[in-house]
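K.L.:
Once you've had a glance at the structure underneath, I'll fire off some questions.
The values are calculated or read from the model by the stated rules, or taken from the named source; none is laboratory data. Only a predicted model underlies this, so the values are computations on that prediction, with no experimental measurement involved. Virtual Cβ from ideal backbone geometry, glycine too; neighbours counted across all protein chains shown.
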Amino acid sequence: MPSVRVNLSDRSYDVVVEPGLLQRAGQAILEAGIKPCRVAVVTDSNVVKFHSEALLASLAEAGFQTTLHVVPAGESSKSMTQAEEVCRGMIRENHDRKSLLVALGGGVVGDLAGFVAAIFYRGIPFIQVPTTLLAQVDSSVGGKTGVNVEEGKNLLGAFHQPKRVLVDPHTLRTLPAREFHEGFAEAIKHAAIRDAGMVGELAALDPESRDVPADLIARNIGIKARVVEEDEYETKDIRALLNLGHTIGHGIEASLPYGEMLHGEAISLGLRAAVFLSERKAGLPPEAGRAIISLLERFHLPVILPERITTDTVMDRLSKDKKFSSGQIRYVLIDSPGSAFVSRDINADDLREAMGHLRD
C-alpha cells in the first residue's frame, strides 16, 4: 500500500495509506518504533460510535493501555476550554510525559489533540488517525496544531509533528455527505498549486462514491509533504502556498458561528475568489479557472457567498489572520495550472472586489 515519507531530520515520519489499516493500528504504531505504553485516545462524539472500538481493540492487542477522551463533534471543540478539559482528563487518568496521544477523527480532532500533545507535560508524542478526507489529504500532515478564538481560526497553536499518520480510506464510508465532500476542496487546492494532472483525475471520480483510491490520497499527501519539507515553519513563502483559498476562506468561516459552514465549504468559496484574482492579477487562463470552479461544483461545494455574510465582517476577520504580516496581505495566486506563488500586490480593494464576485 502507498506510504509517504515526510523528511524532517529527527522529526521525520511515515504516512501509511492502507484500506483496513484501523484494524491493525496498534501494530503499525509499534512499527514506528513506539513501545507499549499508556495511550490517550482523543476522538469526538460522532467518530467514537464508528471507529473507536476497532482502534482500542487493536491497541490493546499490541500491548498498549488506553483511556478514551471524547469531545463534542464540531468546530466549537477547537477551543482553549476544550484543550484544557482534555489535558485535565488525561491528568486524572494518570498520564504523564511517557504517554502517547492518538488523535482519531477529522481535522478538528487532529488540530485539538495535536495541540494538547504539544502542551501536555511540555510535549508528548502523538499519532494521527484521520477519518475524514479533509484530514487524510491535508490537515493530519505537517505538524500544524491549534485552536480557534473568537477573533479568528487557528490563532493559538504550535508546530508539533506526529510520529506517524495512519490513513484508512475505509473510514470515509461512514461520513455524512457534506463532511465527505468538503475534503475535495483541499484536494482541488493541491492540484491547483502543484499537480495540474490531478485536475483531470478528480474530474473522473464519481462524486458519490466513498471508495477514494488510496494512491490518489497518497499523492495529495505527497504534495503537502514536499512543501512542508521545504518550509516546515512557513518562513520562506513556500508552505504559504498551501493557503491558496484560505485567506478569504478563513474570513468567511470565521464570520459565522463556528461549525455553521464547514472548513472545506469556506475554502471552496476562497478558491473561487483566488481564481478570480489569479485571472485578473496573475494571468491565469480563463479555461484553467473554469476547470477549478467546475470541480468545486462537481463535489457539491459552494461557489456563491451567502447574502447574510457581509463584506465588512469578512474584512474584519481577515485583518486578524496569520497571513497578514505587518498589515501586508500575503495572498496566494495561480499563474498556470499546477503553479502558484505568494503575491504582496493584493490589497483590501482587491479582496472586496473578489467577495463581490462571489455574490454573482
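K.L.:
Residues that are in contact (Cβ under 8 Å) with a residue 60 or more places away in the chain, at least 3 per element: which strands (runs of 3 or more DSSP E) completely within segment 123-185 meet that? Lay out the reasoning, then the answer.
P.N.:
Numbers: elements: 126-130, 144-149, 152-159, 164-167.
Counting at least 3 such residues, we get 144-149, 152-159, 164-167.
K.L.:
Looking at segment 4-15, I want the residues that are in the same structural domain as D138 (by TED's automatic domain parsing) and within 15 Å of I221 (Cα to Cα) and have a partner that is modelled with pLDDT under 95 and in a helix (DSSP H, G or I) with Cβ atoms under 8 Å, at least 6 apart or on another chain. Which pairs are those?
P.N.:
Between residues of segment 4-15 that are in the same structural domain as D138 (by TED's automatic domain parsing) and within 15 Å of I221 (Cα to Cα) and residues that are modelled with pLDDT under 95 and in a helix (DSSP H, G or I), there is no close pair.
K.L.:
Pick from L296, L284: which is in the same structural domain as A187 (by TED's automatic domain parsing), in a loop (DSSP other than H, G, I, E, B), modelled with pLDDT of 95 or more and buried (at least 20 other Cβ atoms within 10 Å of the Cβ)?
P.N.:
Numbers: L296 fails: in a loop (DSSP other than H, G, I, E, B).
None of the others qualify; the one that does is L284.
K.L.:
For segment 4-24, give me the residue count where each residue is basic (K, R) and in contact with a strand residue (DSSP E or B) (Cβ under 8 Å, 6 or more places away or on another chain). Outline the logic, then answer.
P.N.:
So in segment 4-24, the residues basic (K, R) come out as 5, 11, 24.
With in contact with a strand residue (DSSP E or B) (Cβ under 8 Å, 6 or more places away or on another chain) added as a condition, the list becomes 5.
Qualifying residue count for the region: 1.
K.L.:
Scanning segment 1-13 for residues that are crowded, with 16+ Cβ neighbours inside 10 Å and modelled with pLDDT of 95 or more, which turns out nearest to D168 (Cα to Cα)?
P.N.:
First pass over segment 1-13, keeping only residues crowded, with 16+ Cβ neighbours inside 10 Å: 2, 4, 6, 13.
Filter once more, so that each one left must be modelled with pLDDT of 95 or more: 4, 6, 13.
Values: V4: 14, V6: 18, Y13: 17 Å.
Per the criteria, the residue is V4.
K.L.:
Given the criterion modelled with pLDDT of 95 or more, on the phi < 0 side of the Ramachandran plot and not assigned by TED's automatic domain parsing to the domain that holds E229, identify the matching residue among A158, A204, A196. Reasoning before the result, please.
P.N.:
On the way: A204 fails: not assigned by TED's automatic domain parsing to the domain that holds E229; A196 fails: not assigned by TED's automatic domain parsing to the domain that holds E229.
Just one listed residue meets the conditions, A158.
K.L.:
On the given criteria, is E353 over 22 Å from V137 (Cα atoms) and not polar (S, T, N, Q)? Walk me through it before giving the result.
P.N.:
Working: over 22 Å from V137 (Cα atoms): yes; not polar (S, T, N, Q): yes.
So E353 passes the test.
K.L.:
Then there's this: Please go through (1) of a type in the set (V, I, T); (2) surrounded by 21 or more Cβ atoms within 10 Å (Cβ to Cβ); (3) more than 23 Å from S52 (Cα to Cα) for I119 and return the number of the only condition it doesn't satisfy.
P.N.:
(2)
K.L.:
Same structure, new question: Look at I252 and say whether it is β-branched (V, I, T) and under 20 Å from S76 (Cβ atoms).
P.N.:
yes
Residue-wise test of (1) in contact (Cβ under 8 Å) with a residue 60 or more places away in the chain; (2) within 24 Å of the chain's Cα centre (by Cα).
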| residue | (1), (2) |
| --- | --- |
| S45 | no, yes |
| V48 | no, yes |
| A54 | no, yes |
| F64 | no, no |
| P72 | no, yes |
| T81 | no, yes |
| R92 | no, no |
| V102 | yes, yes |
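K.L.:
Mind telling me which of the residues L301, L277, L305 ends up being in contact with an Asp or Glu (Cβ under 8 Å, 6 or more places away or on another chain) and not in a helix (DSSP H, G or I)?
P.N.:
Values: L277 fails: not in a helix (DSSP H, G or I); L305 fails: in contact with an Asp or Glu (Cβ under 8 Å, 6 or more places away or on another chain).
That would be L301, the only listed residue that is in contact with an Asp or Glu (Cβ under 8 Å, 6 or more places away or on another chain) and not in a helix (DSSP H, G or I).
K.L.:
Which of the residues spanning segment 208-248 are within 24 Å of L301 (Cβ to Cβ), in a loop (DSSP other than H, G, I, E, B) and β-branched (V, I, T)?
P.N.:
V212
K.L.:
Of the residues T145, T131, which single one is under 16 Å from P213 (Cα atoms) and either surrounded by 22 or more Cβ atoms within 10 Å (Cβ to Cβ) or of a type in the set (A, V, I, L, M) (or both)? So that I can check it myself, show each step before the final result.
P.N.:
Values: T145 fails: under 16 Å from P213 (Cα atoms).
Being under 16 Å from P213 (Cα atoms) and either surrounded by 22 or more Cβ atoms within 10 Å (Cβ to Cβ) or of a type in the set (A, V, I, L, M) (or both) holds for just one of T145, T131, which is T131.
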